[in-house]
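Since the structure comes first, as structure tokens, the remarks are kept for the end.
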Amino acid sequence: MERVQLNARQLLVLAILFEHGSAMVIPLGIDARQDVWIAILCSMIFGAGLFFIYYRLFTYYPSLPLTSYSQQIVGTFFGKTIALLYILYFLYIAARVLRDFGELLLTFAYPETPLFILNAVMMMTVMYAAHKGIEVLARTGELFFFSLCLTGIVGLALVIIAGLIDVHRLQPILEEGWKRVFKVVFTQTLYVPFGEMIVFAMLFPYIDQPKKTKIVGWLAMFLSGINLASMMAINIAVLGSETVSRSTFPLLNTIREIRVANFLERLDVLFMIALVIGGFFKISIFFYAGVIGTADLFRVKEHQRLVYPLGISVLLLSIAIASNFSEHIKEGLNIVTLYMHIPLQVGIPLLLLLFAIIRHRSSFLFRKQEKK
Amino acid sequence: MWFQETSKRKQIGVFDNMLNETVENELQQNIDMIRTITGNSTDIVIREFLLGQEQEIPAGIFFVGGMTDEEMIQKLLVQSATQLTIPSSYSREDVLAYICKKIATAGKVKRIKKWHELFLALMSGEAILLIDGVAEALSMEARGGEYRAIEEPSTQLSIRGSREGFTESLATNIAMVRRRIQNPYLWLESIKIGEVTHTNVSIMYIKGIASDEVVEEVRNRLQRICMDGILESGYIEQLIEDKTFTTFPTIYHTERPDSVAANLLEGRIAIFMEGTPFVLIVPALFIQFFQAVEDYYARFDIATALRFLRVLVFFISLIAPSAYIAMTTFHQEMIPTQLVIAVAAQRESVPFPAFVEAMMMEVTFEILREAGVRLPRAVGQAVSIVGALVIGQAAVEAGFVSSAMVIVVSITAIASFATPSFAIAISARLIRFLLMILAALFGFYGILIGIILMTLHLCSLRSFGVPYMAPMAPFISTNVGDTFVRFPMWALKERPHLINQTNVVRQGSNQRPKPTNELEKEGDNH
């Protein structure tokens with residue numbers, strides 16, 4: 001653990017950037033077709049529930065990260081196993097997002113550049129950030145948050161001015177009823193990006209006003225949920241659900257539609273800014289959580305020492321996890337959700353919370369008896 | 001001969017042992033000693049005379065020619081030789097004490113016993129009076145000599161505002177600031193730095209506004225300096241800055257007394273040094289390098305517009321050439337069709353890739369600029385003519401570079417000149433080349449990565465404990481009014497939050513100008 005403190009605003013900004021990360025560029029939950037925005041809003045509400053589990057665990061152990069309190073709750077052996085699982089999970093997801101990012105960049109702008117090089121450049125930046133620590137990352141987040149907001153506002157204004165939005169494309173609402181929406185919620189959008197807030201269980205101990213943690217987390221989820229939902233809704237309103245579902249990057253297609261005054265056109269650079277900044281923060285936070293988790297579990301005093309070996313592992317892993325993009329996407333949607341997201345974002349935290357409650361109840365009773 | 005034995009700090013070189021001893025009784029011996037130590041240097045003036053009227057005592061006055069106020073020494077001599085009456089009952093020791101009280105011409109008189117103190121005083125421009133038969137000397141403040149007159153600052157010009165700039169004289173510089181802040185809590189501390197040069201360095205701050213912790217830190221860092229000599233405030237800057245391996249300046253320097261006064265009022269600390277018109281100011285924040293004194297003299301809307309312009313200008317000077325490289329090599333589709341055809345047509349005849357072209361032009365420009373800075377003014381014009389002709393016309397006509405590239409280089413150059421602080425403009429110059437390499441390798445992705453790396457680096461910097469990017473990151477809402485924007489004067493209620501400052505409010509609660517009848521109404525309510 002580093003000896004730094006983040007204030008509530010910094011945590012909020014980090015969480016918002018993290019939630020947007022890759023979610024804003026990919027066709028998030030497009031299986032729900034034109035109802036995707038409902039799906040995102042629903043997952044936001046359920047996601048807030050998941051966040052409450054992480055928050056309750058944090059209130060029992062306000063000065064410890066996930067990898068430490070798991071040991072306190074279920075004992076050293078099981079606790080360490082859980083901690084190790086989480087570290088691997090964080091690093092693996094970092095590698096996955098890195099792969100996503102590299103593939104996106106490759107197909108969108110750099111068809112001739114090797115994937116490894118694109119990933120390596122990004123990973124280098126992430127490693128530098130992790131080396132500098134969470135405080136620097138949070139401050140950088142504050143600066144980029146403004147630029148990203150500005151980019152978003154400019155983009156939205158241009159889409160509206162260009163008269164691209166056709167609300168009829170969002171109809172019919174709930175064409176196939178709630179079933180399709182909830183299927184998407186519980187198989188996709190709940191876990192990415194909302195359930196991924198589990199990574200902040202590693203960052204909570206840094207916050208300087210622990211009381212604000214809950215409100216900060218919820219606010220971040222609320223704002224990101226609304227924003228992601230409206231972004232997807234705009235994508236569909238501009239392109240139609242058919243095109244969006246076949247597109248790799250609906251946001252890019254939307255931006256490419258913009259043509260204002262015969263001059264402002266092909267604003268791909270806006271998409272690139274969103275992609276690179278969002279990708280950077282998402283990978284950095286996962287990677288940083290993995291690094292400090294490892295430092296915490298194996299009692300390494302300076303987390304900086306772990307940055308380079310782990311960083312290179314993540315880079316190699318990002319290349320090795322899949323032989324092509326379709327395999328990567330398939331794994332992400334089917335295997336990772338079932339075997340990683342559900343147990344690690346929902347199952348284990350719930351169990352941990354249950355044990356923690358029992359433990360605290362019994363020790364509470366025990367103390368009461370002692371007093372008598 | 002200094003610092004040969006690194007473990008031991010030596011005061012003065014060869015005659016070390018002698019210097020620790022006290023001044024002799026006999027005048028002649030003392031004169032010989034001074035002659036030996038100074039190697040008979042011809043600018044050390046030694047004037048022997050008979051002191052007093054009733055009792056005539058052999059005495060000598062010593063000073064360094066050119067560093068002292070000769071007129072004052074003349075008066076001193078006249079006074080002590082002709083007007084001073086010393087009662088015959090006085091012993092020699094009493095005489096010294098008597099003179100100490102009696103001589104009115106000198107402002108500051110000090111009694112000295114040790115040789116090294118004597119030489120320190122002598123060399124800093126004081127006049128030394130030695131009397132035969134007394135193992136003690138009197139040093140009298142007589143600093144003077146020729147200095148450059150106060151002129152308009154040459155680096156930080158302003159249309160509106162004071163025309164005074166600092167000079168090389170420490171005392172004059174300090175007085176200029178004192179005249180602006182007439183307050184007893186404007187405190188000044190002096191130390192001498194430099195084992196050989198004994199340079200006077202002063203730190204100035206307003207007690208009660210500046211944080212004591214930061215003052216203590218500055219004091220410690222200055223005292224830690226152990227070097228043969230410091231000749232410019234740049235030496236101090238490099239020895240006390242928080243981080244060496246960065247292109248960004250973490251200490252501000254200025255030539256303007258009004259700028260120093262404003263910074264002192266914000267709770268910062270100024271470091272003055274003898275022999276340079278540049279005064280250091282710590283802690284320095286990134287945004288300070290985009291602020292000019294005139295921002296506060298002009299009205300807020302204009303100042304805000306100028307601030308925006310400067311930030312824009314900084315970004316242009318950073319990324320203009322790299323954006324050109326990225327667009328022409330990787331992202332042709334981003335350029336509007338007609339423009340891309342025009343650029344492609346120009347680049348048709350250019351034998352180099354865009355990166356080489358840009359690099360060539362940028363390096364040429366840097367050479368021209370360096371030549372322009374160092375050359376005598378008469379030759380400098382020739383350089384600019386050659387530059388304009390060679391770069392502007394001949395290179396394009398010869399098909400070495402495209403005219404679009406010339407435009408990009410010129411825009412970059414002008415943008416870099418428009419950055420108000422040279423210190424930040426020069427770091428943008430360095431980073432520009434890195435970004436050009438990144439752009440040549442990865443296009444806009446490379447530029448974005450470069451900017452993320454730069455921002456991470458900027459956010460990791462601190463200046464005397466204060467985060468460099470404050471008040472943007474960490475975000476301090478009460479201070480944002482004076483960053484990329486400048487709020488109206490009355491809205492800037494608080495000073496910048498530096499480390500552990502308690503005294504942050506700097507103006508009354510209703511400074512907003514209102515029509516007089518409204519003010520009266522408020523008065524009635526109270």
* Asked: Dipole of chain B (Lys/Arg Cβ +1, Asp/Glu Cβ -1, origin at the Cα centre): which of B:Ser259, B:His457, B:Ile335 lies farthest to the positive side?
  -> B:Ile335
* Asked: Between A:Glu302 and B:Arg224, what is the FRET efficiency for a Förster distance of 30 Å, r being their Cβ-Cβ separation, to the nearest 0.05?
  -> 0.70
* Structure fact -> Per DSSP, the loop-located trypsin sites (Lys or Arg not before Pro) within segment A:286-328 having at most 10 other beta carbons within 10 Å are A:Arg299, A:Lys301
* Between segment A:193-209 and segment B:430-508, what's the alpha-carbon centroid distance in Å? -> 26 Å
* Chains B and A: what accessible area do they bury, summed, in square angstrom to the nearest 100, with a 1.4 Å probe? -> 2900 Å²
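Just the number please: accessible area per residue for the protein assembly as shown, 1.4 Å probe, all protein chains included, in Å².
Normalised by residue count, the accessible surface of the protein assembly as shown is 46 Å².
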* Hey, in the GNM for chain A with a 10 angstrom Cα cutoff, which one of A:Asp35, A:Asp166, A:Asp100 fluctuates hardest? -> A:Asp166
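I want the local charge near B:Leu461. Using Cβ-Cβ distances under 13 Å, sum +1 for each Lys or Arg and -1 for each Asp or Glu among the other residues.
+1
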* Asked: What net charge is computed for the residues neighbouring B:Phe166, neighbours being all others with C-beta under 14 Å from the C-beta of B:Phe166, Lys and Arg scored +1, Asp and Glu -1?
  -> -2
* To do: Please identify every one of the chymotrypsin sites (Phe, Trp or Tyr not before Pro) in segment A:237-321 that sits in a loop by DSSP and has no more than 13 other beta carbons within 10 Å of its own beta carbon.
  => A:Phe263, A:Phe298
* Asked: Given a 1.4 Å probe and every protein chain left where it sits, what share in percent of the accessible area of segment A:59-164 is carbon and sulfur?
  -> 74 percent
* To do: Go through segment B:83-175 and name the chymotrypsin sites (Phe, Trp or Tyr not before Pro) that are in a DSSP coil and have 13 or fewer other Cβ atoms within 10 Å of their Cβ.
  => B:Tyr147
* Quick one, could you list the DSSP H helices from chain B stretching 27 Å or more along their long axis (Cα atoms) with average Kyte-Doolittle hydropathy of -1.0 or above? => B:300-329, B:354-374, B:422-460
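Quick one: net charge around A:Gly29, please, counting Lys, Arg +1 and Asp, Glu -1 for every other residue with C-beta under 13 Å from its C-beta. Don't skip to the answer; put the middle values down first.
Working: positive: A:Arg33, A:Arg180, A:Lys183; negative: A:Asp31, A:Asp35.
Once all neighbours under 13 Å are counted, the net charge is +1.
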* Tell me, what is the 1.4 Å probe accessible area of B:Lys110, in Å² to the nearest 10? -> 110 Å²
* With the contact rule set at Cα under 8 Å and sequence spacing of 6 or more, what percent relative contact order holds for chain B? -> 13 percent
* To do: Please list, or write none, the aspartates and glutamates whose alpha carbon is within less than 13 Å of the alpha carbon of B:Lys207, excluding same-chain residues fewer than 8 places away.
  => B:Glu189, B:Glu216, B:Glu266
* Asked: Taking the Cα atoms of chain B, what is the range of coordinates along each of the three principal axes, in descending order and whole Å?
  -> 104, 74, 45
* **1.4 Å probe, heavy atoms, protein only - residues of segment A:136-157 losing at least 30 Å² accessible area vs chain alone** => A:Val136, A:Arg139, A:Thr140, A:Glu142, A:Leu143, A:Phe144, A:Phe146
* Asked: Under 15 Å from the Cα of A:Lys179, which aspartates and glutamates turn up, not counting those fewer than eight places away in the same chain?
  -> A:Asp31, A:Asp35
* Asked: Given A:Asn324, A:Ala162, A:Val300, which one lies farthest toward the positive end of the charge dipole of chain A, if we put +1 on the Cβ of every Lys and Arg and -1 on the Cβ of every Asp and Glu?
  -> A:Val300
* Extended-chain gain in nm, criterion 0.36 nm per residue less alpha-carbon gap, B:Gln507 and B:Lys493 -> 4.5 nm
* If segment A:231-309 were replaced by its equivalent ellipsoid, with semi-axes equal to the square roots of 5 times the Cα gyration tensor eigenvalues, what would those be, largest first, whole Å? -> 41, 15, 8
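Cross-link list B:Lys75/B:Lys102; A:Lys282/B:Lys243; A:Lys132/A:Lys212; A:Lys211/B:Lys493; A:Lys183/A:Lys330; A:Lys132/A:Lys282: which exceed 19 angstrom alpha carbon to alpha carbon?
Correct reply: A:Lys282/B:Lys243; A:Lys132/A:Lys212; A:Lys211/B:Lys493.
The values are calculated or read from the model by the stated rules, or taken from the named source; none is laboratory data. Values in this document were obtained by computation on a predicted structure and should not be read as measured data. With ideal geometry, Cβ positions are generated from the backbone for all residues, glycine too; neighbour counts draw on all protein chains shown. SASA here: full protein model, heavy atoms, side chains in, ligands and nucleic acids out. Shrake-Rupley method; radii C 1.70, N 1.55, O 1.52, S 1.80 Å.
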